[in-house]
1. Within segment 216-257, take every residue that is under 21 Å from the mean Cα position of the chain (by Cα) and of a type in the set (S, T, N, Q) and give me the one that is farthest from residue 165 (Cα to Cα).
2. Considering only segment 56-90, state which residues are aromatic (Phe, Trp, Tyr) and open to solvent by less than 10 Å² (accessible area, probe 1.4 Å).
3. (1) without any contact (Cβ under 8 Å) to a residue 40 or more places away in the chain; (2) surrounded by fewer than 22 Cβ atoms within 10 Å (Cβ to Cβ): which one isn't true of residue 93, the others all being true?
4. What is the residue count in segment 16-55 for residues that are closer than 14 Å to residue 463 by Cβ, open to solvent by less than 50 Å² (accessible area, probe 1.4 Å) and in a loop (DSSP other than H, G, I, E, B)?
5. Given 392, 418, 361, 379, which one is in the same structural domain as residue 180 (by the TED database) and either open to solvent by less than 60 Å² (accessible area, probe 1.4 Å) or closer than 24 Å to residue 289 by Cα (or both)?
6. Does segment 190-199 hold any residues that are surrounded by 18 or more Cβ atoms within 10 Å (Cβ to Cβ) and not aliphatic (A, V, I, L, M), and which are they?
7. Do any residues in segment 278-290 that are aliphatic (A, V, I, L, M) have Cβ atoms under 6 Å from those of residues that are in a helix (DSSP H, G or I), where the two are at least six apart or on different chains, and which pairs are they?
8. Find the residue count for segment 580-600, including only residues that are part of a helix (DSSP H, G or I) and open to solvent by less than 60 Å² (accessible area, probe 1.4 Å).
Amino acid sequence: MKIKFTGAAGTVTGSCHYIEYGSKKLLLDCGQFQGKKNVEKLNEEGFPFDPAEIDYLILSHAHIDHSGRIPLLVKDGFKGKIFSSSPTYDLCTIMLMDSAHIHEMEAEWKSQKSMRKGGEPVAPLYTTEDAQASLNYFNPVLYEQYEEIDDILTIRFVDAGHILGSSIVELWFKENGESTKVVFSGDLGMKDKPIIRDPQIVEKADYLIIESTYGNRLHESPEQRVDKLSRIIIDTVKNKGTVVIPSFAVGRTQEIIYSLNEHYDGNDEFSKYFKDIPVYIDSPLASKATEIFKKNAYVFDEEAREKILSGDNPLEFKNLHFTHTTDESKALNMSSEPKVIISASGMCNAGRVRHHLKHNLWKKNSSIVFVGYQAEGTLGRLLKNGEKEVRLFGEDICVQARIESVEGFSGHADQEGLLEWLKGFKEAPKKVFVVHGEPDARDEFSRKIEEELGFSTVVPKMNSEYLMENGEVSVIEEGYVLDLAMEEVGEAEKAESKKTVREDKAEIEKHEAKIDKVDKKDVKQTLKPEEERKVGKIEETAEKEDDEPCEEEKVKRLKEDIARLKELAGKAFDMTETTLDNDEIKVGEYKIINNLILELEKSLVNLTMQSGD
């Protein structure tokens, strides 16, 4: 078996690991490179393998740095199968389309800039059509299900506790009468996070691939993070200011909603202040993602499920508002009312949050609160590092707002959390490959693993390749170290570099309003007048029907169905218990029953979510 690290090796983003076994080839993730310009250029360099030869892609989760090049892979010839957890697929249906739209808008302004100089138009990395086509290759499965991919490979997804649907991937390879187990951590989450379950412990692996995003840092405790955020909000509102929270549309936004729900629907020390504070989710993608969270309530943690079963929807509260149109977003900055605005993107490099920063960074009574990782080269990292002036939409903005960071909301486990997860292994893996971290974090975490746990580690370079055979690991190709040292140039070069970046960003910003308009209006603009009228009529009829009272006869039939299903469920559970009491139950029978129970649980929890308040 061979493994080649073709992404997230020397950088945090671009997760992509290539494995050859037997006559097959697979990928673990296919993420987009993000951050500095020289890192993002890697997206345009092409894959170091032939996409048409890849049989399977196994996706750990939906974040773009893990999934964002899937449409490009399909565009370049991939015809295999993509396996992911069911919630990950649901999130990819919106995230990949959103990513494609951004690429199209960026290509548009680059083309205009090029053609003004007599050059050629620039093609997007991939289009919305490419993204839509890539969704046809997905094969979503539930957590804990064993999937026999072929005669050699069986996989299973277990909860990584990072975002909805995030997975630790277990892979069993059976060749020549021997079984080898590879475990890919994906991105591991923190324990005791809202909504999401804790990362599941894995007890055995022959070879382990583990992330190291926060391999050299520690987070605040869960109690501290909510308390700190709440006090920042109250202090800012008392000063009649606005709290702007740049947040990833998927994961972090829903966790903040859940945490604030405690104050709005609860009776704690902060509740009396929060009852009058409006909270606005200003991100179309976050709004769609929140609906997907509601649809997948069956994978929530025990605390969230108990709330749902008691009739409380933890992703809704009285003062929570979702904005949809650009006009609604602009209106937030025209209003002087104290408020909380949660908006994407989380690293401030694109999206509506840049407009809110422009209107609030210069105000001494406003607060900007970072709740997630800020990569090198992003506006978020500059602000966290204390930059006193930034350029937004062609203007130099003085930074006078309160800049805060609440690390406890991070989606990633810190160094202690990563080490604690590793201590769940009952025996040392033969080799641990440390990936997905900036050089300092990755190197320190590798040393910690060896010193504290005695595990043998490797820190792969970009495109390094290894042979795993007979329990030994040997190097096939050394790979190379990514050149990330933009800071190493002299002051004059730095100033010129910043000037160029500013000029480019000013061009980008002219088109950012378009990027936000991924809604029905864009679809209608591409339609002929008669088609638009037809679509409008269908939508209007559907909305009208949804708001009308349901016929009593239909409701009566539903009640009869419930009574019938109660009786059927009792019989099914009795028969299943009888089967399980049989000492000779086969592994295959166990897997079938396990998968059916998981499907049933999904439906029951989602039904409760729909029926609750």
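The values are calculated or read from the model by the stated rules, or taken from the named source; none is laboratory data. Everything numeric in this text was worked out from a predicted model, so none of it was measured. Because the Cβ atoms are built from the backbone with ideal geometry, glycine has one as well, and the counts that use them run over all protein chains shown. Side chains are part of the model used for accessible areas, which takes the heavy atoms of the whole protein and leaves out ligands, DNA and RNA. Shrake-Rupley method; radii C 1.70, N 1.55, O 1.52, S 1.80 Å.
1. In this case the residue turns out to be 247.
2. The answer is 78, and nothing else.
3. All conditions are met except number (1).
4. Total satisfying the criteria: 5.
5. Result: 418 is the single residue among 392, 418, 361, 379 that is in the same structural domain as residue 180 (by the TED database) and either open to solvent by less than 60 Å² (accessible area, probe 1.4 Å) or closer than 24 Å to residue 289 by Cα (or both).
6. Listed by number, the residues that qualify are 193, 194, 197, 198, 199.
7. Note: pairs meeting the criteria are 285/98; 286/253.
8. Total meeting the criteria: 6.
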